[in-house]
1. Starting from the Kirkwood radius over alpha-carbon pairs of the chain, derive D by Stokes-Einstein at 4 °C in a medium of 1.567 mPa s and give it in µm² s⁻¹.
2. Ordered by packing density, taken as the mean number of other Cβ atoms within 10 Å over each peptide's residues, highest first, how do 28-38, 53-63 rank?
3. Per 0.36 nm of contour for each residue apart, how much would the distance between residue 82 and residue 143 grow if the chain were fully extended, relative to their Cα-Cα spacing?
4. For the stretch 77-143, build the convex hull from the C-alpha positions and give me its volume per residue in Å³.
5. Rounded to the nearest 500 deg cm²/dmol, what is the calculated helix-only ellipticity per residue at 222 nm for the chain, with -39500 (n - 2.57) per DSSP H run of length n ≥ 4?
6. Between residue 41 and residue 134, what FRET efficiency comes out of the Förster formula 1/(1 + (r/R0)^6) with R0 = 35 Å and r the beta carbon distance, rounded to 0.05?
7. For helix 19-72, what angle does its Cα long axis make with the longest principal axis of the chain, in degrees from 0 to 90 and rounded to 10?
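We did not get these values from a lab; they are worked out from the coordinates using the rules stated. Keep in mind that what you see is a predicted model, and the values were worked out from it rather than measured. Reconstructed Cβ throughout: ideal geometry from the backbone, glycine too, with neighbour counts over all protein chains shown.
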């Protein structure tokens, strides 16, 4: 048997991987690691977004509840207000609330005036104003 120059004949009983096989295995494993790291990055991003949404919605509900309590206690509420809020571990949430009268009617049997207000609350993080959490509802004031 004639051998090509530079290639050795493998002795019987000696086993191993060639350099090409080892390099191919490294490439396949590298692609697997890259895919796992991308999935981890996407998962962490989704968790951060979900966390912001949760805290934003909690703040919206808190502002609406405070507005309703103020209306029930008879406080005068401005048609527009805004500010910065600390909720959970965050200090950078901004909020705004707009109120406008929707309708007024009088209950004849009790001679009670009932006012209905449209309330719109918006919340966003100071670093990302494009991501806004909001709610619009109607609240009543009985006088």
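1. Working: Rh = 21.0 Å.
D, rounded to a whole number, is 62 µm²/s.
2. 53-63, 28-38
3. So the chain would gain 19.3 nm between residue 82 and residue 143.
4. Dividing the Cα hull volume of the stretch 77-143 by its residues yields 95 Å³.
5. On the way: 1 runs with 54 residues, N = 143.
That calculation yields -14000 deg cm²/dmol at 222 nm.
6. Details: r = 29 Å, r/R0 = 0.83.
Calculated value: 0.75.
7. 10
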